[in-house]
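Visitor: Handing you this structure, nothing more for now.
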Amino acid sequence: MHPLHADILDISPLVLKHTHASSTSDQANAYIELSPQMAIDIGLVNTHLDLNGVQQGHDVAVNGQGLILPSGQLNPEQKRQLWKLLSEY
């Protein structure tokens, strides 16, 4: 929260400790490595995505930087989400 807003609302601004701030930024930039077979399958379906930098996130998604997956190994539900997303992309 900006200190000016905290002063107006008469509350103390929330500041994360340095250890928490660095761990959240590291998590946002975490990359995962796909299995060779999954990379081939995704490449066959969609050639527009850069599979060299697959980011780790909470859900299956596509952003401007590429593909976001929960992990390198997906469960059946996550695979269905991935194929549905790639078919629409």
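Visitor: Could you check the range 44-60 and list, in sequence order, the residues that are β-branched (Val, Ile, Thr), outside any helix (DSSP H, G or I) and farther than 14 Å from Tyr31 by Cα?
Guide: Looking only at the range 44-60, we keep the residues that are β-branched (Val, Ile, Thr), and these are 45, 47, 54, 60.
Then drop every residue that is not outside any helix (DSSP H, G or I), which leaves 47, 54, 60.
Hit for the range 44-60 is Thr47, nothing else.
Visitor: When both residues are 6+ apart or on different chains and their Cβ atoms are under 8 Å apart, which pairs have a first residue that lies in the range 61-89 and is under 11 Å from Ile32 (Cβ atoms), and a second that is of a type in the set (S, T, N, Q) and assigned to a loop (DSSP other than H, G, I, E, B)?
Guide: Note: pairs meeting the criteria are Gly72/Ser35; Gln73/Ser35.
Visitor: Here is a follow-up. When the residues of the range 36-49 are narrowed to those that are closer than 17 Å to Glu88 by Cα and surrounded by 10 or more Cβ atoms within 10 Å (Cβ to Cβ), which ends up modelled with the lowest pLDDT?
Guide: Of all residues in the range 36-49, those closer than 17 Å to Glu88 by Cα come to 41-49.
Retained after the next criterion (residues that are surrounded by 10 or more Cβ atoms within 10 Å (Cβ to Cβ)): 41-43, 45-46, 49.
Details: Asp41: 86, Ile42: 83, Gly43: 82, Val45: 82, Asn46: 71, Leu49: 75.
Going through the qualifying residues, I end up with Asn46.
Visitor: Would you pick out the residues in the range 28-69 that are among the hydroxyl-bearing types (Ser, Thr, Tyr), over 17 Å from the mean Cα position of the chain (by Cα) and more than 18 Å from Arg80 (Cα to Cα)?
Guide: Just the residues of the range 28-69 that are among the hydroxyl-bearing types (Ser, Thr, Tyr), to begin with: 31, 35, 47.
If we keep only those that are over 17 Å from the mean Cα position of the chain (by Cα) as well, we get 35, 47.
Passing the criteria: only Thr47.
Visitor: Within the range 28-43, which residues are among the hydrophobic types (A, V, I, L, M, F, W, C) and in a loop (DSSP other than H, G, I, E, B)?
Guide: If the condition is that a residue be among the hydrophobic types (A, V, I, L, M, F, W, C) and in a loop (DSSP other than H, G, I, E, B), then Ala30, Leu34 are the ones that fit.
Visitor: Output the residue which, of all residues in the range 61-88 that are in a helix (DSSP H, G or I) and not charged (D, E, K, R), is surrounded by the most Cβ atoms within 10 Å (Cβ to Cβ).
Guide: Result: Leu82.
The values are calculated or read from the model by the stated rules, or taken from the named source; none is laboratory data. Source: prediction; values computed, not measured. All Cβ positions, glycine included, derive from the backbone under ideal geometry; neighbour counts span all protein chains shown.
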